[in-house]
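Throughout, read-outs are computed from the coordinates displayed, never taken from laboratory work. Since the model is a prediction, treat every value here as computed from it, not as a measurement. Glycine also receives a Cβ, built like all others from the backbone with ideal geometry; neighbour counts cover every protein chain displayed.
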Amino acid sequence: MKEEYLHAIWRLKRLPISNLFSTDGRAIKILNTGWHNPDSGPDFFNGSIEIDGIRWNGNIEIHVKASDWYLHKHQDDAAYKNVILHVVFQNDKDLFIDNQKIPTLELQHLIDFNHWNKYRNLLLNQTWIPCENSIQEIEKQVVLNQIENSVIDRLNRKNQILAQTFTDLENDLLALFFEIYAKAFGLKVNNLPFIELTKRIDLKTFWKVSESQRSILFLGVAGFFEEDVKFNLIHEKKEWLFLKKKFSLEEMELSSWKFKGLRPPSFPNLKIAQFATFCSYKEFFSIHELNSSQVLELLEKLNFSEDFRNNLLINAIVPIFWWNFERFQDAKMQEIALKLLSETKTENNQIISKWKNLGIKCKSSFESQGLLELKNELCARSKCLTCKIGFAILKK
Ligand code: SF4
């Protein structure tokens, strides 16, 4: 038996509701199952039950074995003091809080094993996602609601990374933006050397040099003039050596950069030159002061492919707005982040194509970001009971 399954049947009230008795023979009526708490603390908050006609309001804790209460040391945790009912699969130990016996509902003889098998079969499916054979039967609105939840989860997850980076950078906003954008330019393959680049040169130095020197400066720091260069780059190398001395800069190892598996438009030297163009637009470093149309207009000024502009928007600009929303509780920032995602073309990758084959299509990167998160964080980990779609399948 799995505890998360017991949570699901409690939420669904998939029990012989009019015939429930505590282990000491008292009639139990469920008035309200309570609010499911996925974090630490009791499993359901503010539930409401009647025991032998007397109403009790409080929290409900669920375990596979009653003795898990003691195994998890809940007896030492004040957060569990207000538990009014212990719901267990197997009652192998009585539960006491402050010497008071807590009513226990044992489920092992009440469970519908056909339903339990349905749940197990769902998780055991060896298909691309466990619910592949059932998802088409689920209402479209339920799927959309889950996608929306997953987008928010994704933005919150990115937000935590961003907040940690800000702390690591000693709350230096400019350095934070520089690093986020650098990561986006590095794509998956070269994001670490791109971050390294931002550690070896700061933006203020970059903005001091003339526009014609800026890509030379980045390429030089990145190590692209480290070795003998071709005849047509001799001028650039001379320029780099001058800048290196002037600003006391140190080169990276050229071998830090990866070319393998990349198509020429994604080669790191090209991306570094593009990064120099990008960083010349100072507005990107106060992007959260713009509205969504101004952001899109600014991006349009860049002579980059549409796919790459979208990548910058999804992986750097939207997370910056979301971070500002969380940081200052500024709803306007949240609105802009979601609007930008809704107005950006969907990504094309294997995961999105697979969802499309299952009949789930994306109109914008709002949906595609949600579907990526859903696949990676829930489906791939068989967390179907924390997913609205899985819940709807088991409700049937
Ligand atoms: S997590 Fe949700 S969408 Fe993914 S397989 Fe399970 S039920 Fe389906």
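S150 meets each of the listed conditions (1) touching a Gly at 6+ places or on another chain (Cβ under 6 Å); (2) more than 16 Å from the ligand (Cβ to nearest atom) apart from (2).
All conditions but one from (1) more than 19 Å from R154 (Cα to Cα); (2) free of Cβ contacts under 8 Å to residues at least 40 places away in the same chain; (3) touching a Leu at 6+ places or on another chain (Cβ under 8 Å) apply to I351; the one that does not is (1). The residue that is farthest from the chain's Cα centre (by Cα), among those in segment 6-54 that are basic (K, R) and farther than 16 Å from I102 by Cβ, is K29. When each of S280, S215, S286 is tested for being surrounded by 15 or more Cβ atoms within 10 Å (Cβ to Cβ) and either over 30 Å from A337 (Cα atoms) or small (G, A, S) (or both), the lone residue that passes is S215.
Look at E170 and say whether it is among the acidic types (D, E) and either in contact with a Gly (Cβ under 7 Å, 6 or more places away or on another chain) or at positive phi (or both). Before you say what the answer is, go through the steps one by one.
Numbers: among the acidic types (D, E): yes; either in contact with a Gly (Cβ under 7 Å, 6 or more places away or on another chain) or at positive phi (or both): yes.
So E170 passes the test.
Please verify whether F321 is part of a helix (DSSP H, G or I), over 26 Å from C279 (Cα atoms), out of contact with any strand residue (DSSP E or B) (no Cβ under 8 Å at 6 or more places or on another chain) and away from the ligand (no atom under 16 Å from the Cβ), treating the condition exactly as stated.
Values: part of a helix (DSSP H, G or I): yes; over 26 Å from C279 (Cα atoms): no; out of contact with any strand residue (DSSP E or B) (no Cβ under 8 Å at 6 or more places or on another chain): yes; away from the ligand (no atom under 16 Å from the Cβ): yes.
Spelling it out, it is not the case that F321 is part of a helix (DSSP H, G or I), over 26 Å from C279 (Cα atoms), out of contact with any strand residue (DSSP E or B) (no Cβ under 8 Å at 6 or more places or on another chain) and away from the ligand (no atom under 16 Å from the Cβ).
Report yes if some residue within segment 168-187 is under 23 Å from G223 (Cα atoms) and assigned to a loop (DSSP other than H, G, I, E, B); otherwise report no. Yes, that holds for at least one residue.
I393 - would you say it is near the ligand (Cβ under 10 Å from one of its atoms), assigned to a helix (DSSP H, G or I) and touching a residue at least 24 places away in the same chain (Cβ under 8 Å)?
On the way: near the ligand (Cβ under 10 Å from one of its atoms): yes; assigned to a helix (DSSP H, G or I): yes; touching a residue at least 24 places away in the same chain (Cβ under 8 Å): yes.
When the stated conditions are applied, I393 passes them.
Would you check if K375 is assigned to a helix (DSSP H, G or I) and within 14 Å of the ligand (Cβ to nearest atom)? Yes. Looking at segment 373-390, can you tell me whether even one residue there is over 17 Å from N310 (Cβ atoms), loosely packed, with under 14 Cβ neighbours inside 10 Å and among the polar types (S, T, N, Q)? Yes: one or more hits.
When residues of segment 76-94 are filtered for being in a loop (DSSP other than H, G, I, E, B) and either under 16 Å from F21 (Cβ atoms) or within 33 Å of the chain's Cα centre (by Cα) (or both), how many remain? Spell out the reasoning first.
Kept after step one, since they are in a loop (DSSP other than H, G, I, E, B), are these residues of segment 76-94: 77, 81-82, 91-94.
Narrowing the set further to residues that are either under 16 Å from F21 (Cβ atoms) or within 33 Å of the chain's Cα centre (by Cα) (or both) leaves 77, 81-82, 91, 94.
Residues in segment 76-94 being in a loop (DSSP other than H, G, I, E, B) and either under 16 Å from F21 (Cβ atoms) or within 33 Å of the chain's Cα centre (by Cα) (or both): 5 in total.
For segment 356-372, the candidate set comprises residues that are in a helix (DSSP H, G or I) and small (G, A, S); within that set, the residue that is farthest from the ligand (Cβ to nearest atom) is S365.
So is S353 crowded, with 21+ Cβ neighbours inside 10 Å, more than 8 Å from the ligand (Cβ to nearest atom) and outside any loop (DSSP other than H, G, I, E, B) or not? Steps first, please.
On the way: crowded, with 21+ Cβ neighbours inside 10 Å: no; more than 8 Å from the ligand (Cβ to nearest atom): yes; outside any loop (DSSP other than H, G, I, E, B): yes.
No, not satisfied.
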